[in-house]
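The structure under discussion appears below in the form of structure tokens.
A short reminder: the numbers here are calculations on the coordinates, not readings from a lab. No experiment lies behind these values; they were computed from the predicted model shown. So basically every Cβ, Gly included, is an ideal-geometry build from the backbone, and we count neighbours across all protein chains shown.
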Amino acid sequence: MRDARYCDSVDGEGRNTYNVLDVGLADGVPEPETGVERNFYTTSSCGVCGKASLDAVRLRTRFSPAGDPMRIPAPLLAGLPDALRRRQQVFDRTGGLHAAGLFAADGTLLVVREDVGRHNAVDKTLGWALLQGRVPALGSVLVVSGRASFELVQKAVMAGVPMLAAVSAPSSLAVELADESGLTLAGFVRGGSMNVYTHPERILTG
């Protein structure tokens, strides 16, 4: 290799050149034969697809939410999906995206992210938390615009989120994992009501 130059700007035609590495061969080094390739498999799937068993996708977390003492009033929790919906700017234009948002226990919206895939929206949200030094995400509520599936519960648990609220139904595996992990799981959180499936002690009703 003769040189490697990293670009992090914009070229003369306005195209992004970040994450671009220009590599040149050293003098006397022949070019590789045509057909020499390195193939990689990448996916934006939920993490469950293609696995042979649930044991293959269960992960251990350093940030168990089981001991998180957070509490949130039920009326405040019931209003979080509406607060999330008001921040779905791309959904307003397309009507075709999911969203995930991370809220503090007092109802403050910390971040919201949208994506065609539910799990991608959650990845973006928890990725923001990681970059901001907020993992483990103690005292927070992850709100999702769709159903609560196994993989979304697992992502929340891995990030140390103590509560997951979904506007639609959870799967039975999601409920099982939430119960085992000490995560409070609420579904059908809309219209001022909700179903609480696991660890209801974090939700104040009085």
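Data for the structure
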quantity	calculated
Separation of the SER193 and SER168 label points, Cα + 7 Å toward Cβ, nm	2.0
Distance between modelled label sites at LEU110 and GLU33, nm, 7 Å Cα→Cβ extension	5.4
Chain lengthening between ARG147 and LEU130 when straightened (0.36 nm per residue, less Cα-Cα)	3.8 nm
Tail weight of P(r) past 27 Å, computed on alpha-carbon pairs of the range 54-204, percent	11
Beta bridges by DSSP in the range 54-204, antiparallel share as percent, to the nearest 5	60
5 angstrom amide H check on MET70, placed H, neighbours 5+ away	GLY139
Nitroxide proxy distance, nm - points 7 Å out along Cα→Cβ at ARG93 and ASP179	4.4
In sequence order, calculated HN-Hα J values of the range 70-84 (Karplus, 6.51, -1.76, 1.60; Hz; x Gly/Pro)	4, 9, 9, x, 4, x, 5, 4, 4, x, 5, x, 5, 5, 5
